[in-house]
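Derivation of every value follows stated rules applied to the coordinates shown; laboratory data play no part. None of these values were measured; they are calculated from a predicted model. As a convention, Cβ positions derive from the backbone with ideal geometry for all residues, glycine included, and neighbour counts pool all protein chains shown.
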Amino acid sequence: MTDMTKSQADPFGGAVTLAGDDRVVPFQVSPLDIRGRAIQLGPMLNSILDRHDYPAPVAALLGEAIVLTVLLGTSLKFEGKFIFQTQSEGPVSLLVVDYRTPDAVRAHARYDEELVAAAMETGDVTSEALLGNGTLAMTIDQGSHMQRYQGIVELNGISLEEAAMQYFRQSEQIPTIVRLAAAEISTPGIDGKGFQHSMRAGGMVVQFLPEASDRIMIADLPGGDLPEGTEIPDIVEEDDAWAETRALLGTITDDELTDPQIGSERLLFRLFHEHGVHVFEGEDIADKCSCSREKIAEVIRSLDEEELAEAFEDGVITTTCEFCSTVYKLTNEDL
């Protein structure tokens, strides 16, 4: 654990090993009663994206989804999976991200090329515009012998950040702030020739966890039967520590969340140096798909005779994993 306080003139003068890319950084700011996790994604993200050749806005949106999934999934205290999935009517109709403890991530997106191209022409490529109306489901799976928990949030023109915060408000009722960002960057190519393009993503989840439970009270969500346009007065006074936290997090720019020269620890120091921020040992994550020849064969064997007959072409069934793009070819003998 590293304690970065305001008494340190240079908290990164060699005494601290920075987490770098693809490593979740848990932290705590005791004077503000907050805990959280931060991350920047680089090589791992591009390892996933390079297999699919997504348009830049789709890649950025999937990058934000991966950041959110990793930040929430790495908080699991048991062996299992955290599954993020959107289904919507916008240009990007499907996002799926799986996180398997302790470190495995896989993801893919489904989109309409023409609709995405049209959005790029108009410049309307926010997550709200790309997703449109639909649902976001976040599922915690502890294995076949345990009941799944699933929280569902309606996507009605809101960003992934807003949807995630609504999820926490509905499911945990703990004051939570989520910040997500993704950006395409260009770096000089080999020997200074041309430029190489890659995607970066970053984010932070912060929760207010005071010992006194009455301090976390928040206004109830309004019922669905109120007339349209009705204003709901917020009669719950916000705790001073949480108000300060929200103000500090409101100063974060997207560039700070993705810039490799800043990193998670430097950003945390910028935000909370006046109070002192405790940074805990980070957790590495990796691009790992769970598909296998045996699993694919098991799925094919579950088909009925008619479906199985249609699947064969020249005596071979060919299938491609949507996540990692691995191609599997199976014959009747293999099955």
Of D287, D259, D50, which is the most mobile in a GNM of the chain whose springs link Cα atoms less than 10 angstrom apart? D50
Of D124, D239, how do they rank once you tally other Cβ atoms within 10 Å and put the fewest first? D124, D239
Packing rank of 102-108, 198-204, where each peptide gets the mean count of other beta carbons within 10 Å, highest leading: 198-204, 102-108
With the dipole of the chain worked out from charges on the C-beta (+1 for Lys and Arg, -1 for Asp and Glu) around the Cα centre, which of Q207, G263, Q196 lies farthest toward the positive end? G263
Formal net charge of residues neighbouring L335 (Cβ-Cβ distance under 10 Å; K, R +1; D, E -1): -2
Rounded to the nearest 5, what is the percent of antiparallel bridges among the DSSP beta bridges in the chain? 95
Could you compute the FRET efficiency for H273 and T101, with r as their C-beta to C-beta distance and R0 at 41 Å, rounded to 0.05? 0.80
Cα long-axis angle, helix 263-272 against the chain (0 to 90 degrees, to the nearest 10): 30
Sum of side-chain charges, D239 neighbourhood, beta-carbon under 11 Å (Lys, Arg +1; Asp, Glu -1): -4
Which entries in K295/K329; K77/K295; K81/K295 show an alpha-carbon gap greater than 21 Å? K77/K295
Helix 240-249 versus the longest principal axis of the chain: what angle, 0 to 90°, nearest 10, using Cα atoms? 50
Calculate the FRET efficiency for R246 and L308 from the Cβ-Cβ distance with a Förster distance of 56 Å, rounded to the nearest 0.05. 0.50
Given [x] 31, 25, 23; [y] 32, 23, 19; [z] 36, 26, 21 as candidate values of semi-axes √(5λ) of the Cα gyration tensor in Å, which corresponds to the one derived from the coordinates? [z]
Pull up all non-local amide H partners of Y111: gap of 5 or more, or a different chain, and H-to-H distance under 5 Å with H placed in the peptide plane. S93
Scaled by the rule-of-thumb 2.2 N^0.38 Å, the alpha carbon Rg for segment 21-105 gives a ratio of 1.20
For a quick protection proxy, order the peptides 141-150, 177-186, 112-121 by their average other-Cβ count within 10 Å, most packed first. 177-186, 112-121, 141-150
